[in-house]
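Everything on this sheet refers to the single structure shown next.
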Amino acid sequence: MLPRLCSPYSSLRSVIVLSERRLLLVHLYFLGSSYHCGTCSKMTAAAHRIPAAYGVKKTKPFEAMIEDYAKFHWDDTVKEDDPVVVRLREQLLAGSRSALASAITLVESRHPRKRAQGNLLLHTVLAEERKRYVEKGKESMIFRIGISGSPGVGKSSFIEAMGKELTDGRGMKIAVLTIDPSSAVTGGSVLGDLTRMQELSRNPKAYIRQSPTSGSLGGVTRGIHEAIILCEGAGYDVVIIETVGVGQSEVSVADMCDMFCLLLSPAHGDELQGVKRGIMELSDLLVVTKDDGDLKAKARLTQSEYISALKYMRPRIPSWKPKVMRSSIMEPISIQAVCDCMFEFWETIMASGDLEARRTSQMTTWMWDHVREELLNVFQKHPKIAPLAPALEEDVRLGKVTPGHASETLIRTFLGI
């Protein structure tokens, strides 16, 4: 019997089941008041009657559900000498772009065997990265840059110009991971590979991977974390992550990268009010785009306003004070200046030790992100939950039940209690 919670602030319990390489962490969210004994006894009694009202029958024991989860989500038969993993690993470490594309597709798959192969591939690639770090130290680490901005600010044009500077001007290999809005009908990318960064996509020193948001929180897909690791394993010097620029995507991308760059459009003073303070606090570099032609005066005004605004904000990284710059894809020298600033930041955080501390924190954050997303996916697809959820959603919309009671109904049904 699960323990009852007596405080409305006590909202989280974890059940951990560990078997060989299997790790299942189930987060159970309960409203404390619904489980309070005594003064809230009427509420508790009502909550117990909800599952029956929807015709929900007790499901199989929780232990049996865990076995079902393992059966349909893991494949423990994949060994270290798996031919697919060995082939992709060898080609990936040799810098093959086609192998990189296949590897990212593999880790994005939800098929049990492919999931196991993808996890094993990631493990071997990380082992190689650790080996390089032991041999070369900080110099072996790859620069991860997150770029965000509202729609229409010119993210794709800026990234293409920046990519040309890094590849042609500085001889670097870059990978660009772009996160596109999902089609409401197909679930795929609204924007195609051929419609964005056409010149950069033909550059042999650049790799571009586009992924639809697929409805995930803030537009960040499940495979982006793993794609970053695979790009680094393939020998790319810089990995750029571009967000769709809406919702919580900026926060998620900031947690993935070393540097977060926010692109801004030239505008009048009132435009400053439209940028969330939290997004500015995440930014290590702000770039006002379209600094050319008739927009030059507005770009200078926008730059000065953001410089003033940043004076009242605490820097995200102790060793770096955020800067505000202007750029234009029509003036390559401005793109060069932005790139110079980015690598000044990179050298600063490497020297101060902030880079290593940030990378360590990111790895644990990524782990919990995956746990939450995987558990939500399993929960929503459960055979008892999938048919029940639409009816509960409708009743919540009509005000027949509270969101708290509806969520408790789903959880009790899932656990079979």
Extension length gain for residue 394 and residue 370 (0.36 nm per residue less Cα distance), in nm, is 5.8 nm
Label model pair residue 351, residue 321: point-to-point distance (7 angstrom along the Cα→beta-carbon line) in nm is 1.5
Simple SL model, points at 7 angstrom along Cα→Cβ for residue 340 and residue 205; separation in nm is 1.9
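How far, in nm, would the chain grow between residue 381 and residue 138 when pulled straight, counting 0.36 nm per residue and subtracting the alpha carbon separation? Each step should come with its number before you reach the end.
On the way: separation 243, 0.36 × 243 = 87.48 nm, distance 4.29 nm.
Going from the current span to full extension adds 83.2 nm.
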Per the C-alpha gyration tensor (a ≥ b ≥ c, the square roots of its eigenvalues), the stretch 281-342 is rounded if a/c is under 1.5, else prolate if a/b beats b/c, else oblate; here it's oblate
FRET efficiency for residue 411 and residue 80 from the Cβ-Cβ distance with R0 = 56 Å, rounded to 0.05, comes out at 0.90
Two pseudo-spin positions, 7 Å from Cα along C-beta at residue 297 and at residue 330, lie apart in nanometres by 1.6
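Coordinate-derived values only; no laboratory data. These numbers come from a predicted model, not from an experiment. Ideal geometry is used to build each Cβ from the backbone, glycine not excepted, and the neighbour counts take in all protein chains shown.
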